[in-house]
Ligand code: NAD
Ligand code: UFG
């Protein structure tokens, strides 16, 4: 298949490109490099021995997208291009709605116009809002706590509505839990600009000596050690989930959680990092971060039953590979 991967030079997208190319598919990347580097295309080639086609373009640019869809016979789209900083989305809601929601509309329109039947969308566990874990695909969604989360819920709805009236349109809405880690080669991984918002890149930067200590956001949650619990998932497992979803796509809309089903606390992750790397992360426990939930983890049974997909890596692997990338590329 020829797959268009939007956001393909980004953290998750680059790992998806590697898995797609390794499985013998061809890949076109569209990315405006808002949060990534064109050198990632070279690294994808270094890992796979195959070079994806790369367009530096904005997915909200309907004319440019039309040109790309007219030039290539695309079999499917994996749509990851989007802005993802929760805090920034509160400061700049219109930017987030413009970029993330319009991007989804433009790509869906192009698919329908050019007869591209397969569409895989990067959604997020954030659409479950404060539903209790384990989170199951059949749960009614609760309002996401910020504009970023709203853009995911809106994009899901837009794709469902489009599929309802276009019987050939096959859509998979993939709700990611917490992707971490990096490709075992150490050539691609998460390279946030500025101070990281997320736990694992923060930990690796403390380990590197770029940041002094980890601030643990809250030690009084109703969890075994008082710190927040999340479902961390190796990014290579996540990437493989896209391949599985694409291969099993049927007309209509299916929603899948991509998570491990296991919850890990902030302190457990800090200890796993020490086990994987021998590096003890200095930390202090501070106040909770506004908007954070105590416990978030997936029920991954549907993806296992229907996609034959299940996460393989554990948290020590995730820490090892995240550190391996940080050492190589910072
Ligand atoms: P990322 O920022 O590394 O990758 C996103 C890529 O999209 C970047 O390369 C960026 O330059 C590009 N981009 C942004 N807006 C664009 C536009 N209008 N046109 C073209 N390219 C554009 O982020 P990521 O972690 O790889 O996330 C990928 C997707 O997965 C995002 O949609 C994100 O919301 C979603 N997601 C991520 C997580 C996570 O924890 N990383 C969790 C759930 C969902
Ligand atoms: N945490 C800290 N210190 C930090 C960073 C995070 O203690 O410096 C804690 C958080 O409080 C939370 C856990 O580590 O308990 C994980 O935090 P992340 O920011 O890494 O991840 P979140 O679960 O908060 O958010 C992620 C994505 C969002 C997405 C959400 C959906 O980053 O984009 O999952 O569940 F919306």
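Any read-out appearing in this document is the output of simple, stated calculations on the displayed coordinates, not a laboratory observation. In this text, all values refer to a predicted model and were calculated from it rather than measured experimentally. In this analysis, Cβ positions are derived from the backbone assuming ideal geometry, glycine residues included, and neighbour counts consider all displayed protein chains.
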query: Separation of segment 256-286 and segment 49-105 by C-alpha centroid, Å?
result: 32 Å
- prompt: How far is helix 266-277 tilted, in degrees, relative to the longest principal axis of the Cα atoms in the chain, given as a value from 0 to 90 rounded to the nearest 10?
  reply: 90 degrees
task: Return the calculated 222 nm mean residue ellipticity for the chain, to the nearest 500 deg cm²/dmol, obtained by summing -39500 (n - 2.57) across DSSP H runs with n ≥ 4 and dividing by the residue count.
output: -11500 deg cm²/dmol
- line: Here the relative contact order (percent) of the chain, from C-alpha pairs under 8 Å and at least 6 apart, is 19 percent
- prompt: Listing 320, 208, 175 from the residue with the fewest other Cβ atoms within 10 Å to the one with the most, what is the order?
  reply: 208, 320, 175
query: Which value in nm describes the separation of the simple spin-label points at residue 26 and residue 72, placed 7 Å from the Cα toward the beta carbon?
result: 0.9 nm
- line: Largest fluctuation, 13, 209, 129 only, Gaussian network model of the chain with Cα springs under 10 angstrom, belongs to 209
- request: Using Cα pairs closer than 8 Å and at least 6 residues apart in sequence, work out the relative contact order for segment 27-112, in percent.
  value: 30 percent
- prompt: Working out 0.36 nm times the residue gap between residue 208 and residue 289, then minus their Cα-Cα distance, what length gain in nm do you get to one decimal?
  reply: 26.8 nm
- request: Before anything else, pin down the relative contact order of segment 18-73: Cα pairs under 8 Å, at least 6 apart, normalised by residue count, whole percent.
  value: 36 percent
field: Cβ-Cβ FRET estimate between residue 157 and residue 137, R0 fixed at 22 Å, reported to 0.05
entry: 0.90
statement: Candidates 284, 123, 26; GNM for the chain (alpha-carbon contacts under 10 Å) flags as most fluctuating 284
message: Report for the chain the percent antiparallel among DSSP-assigned beta bridges with both residues inside it, nearest 5.
response: 5 percent
message: For a quick check, take a GNM of the chain with Cα springs below 10 Å and name the residue from 196, 134, 167 with the largest mean-square fluctuation.
response: 167
task: Take every DSSP beta bridge whose two residues both sit in segment 178-330, then give the antiparallel share in percent to the nearest 5.
output: 20 percent
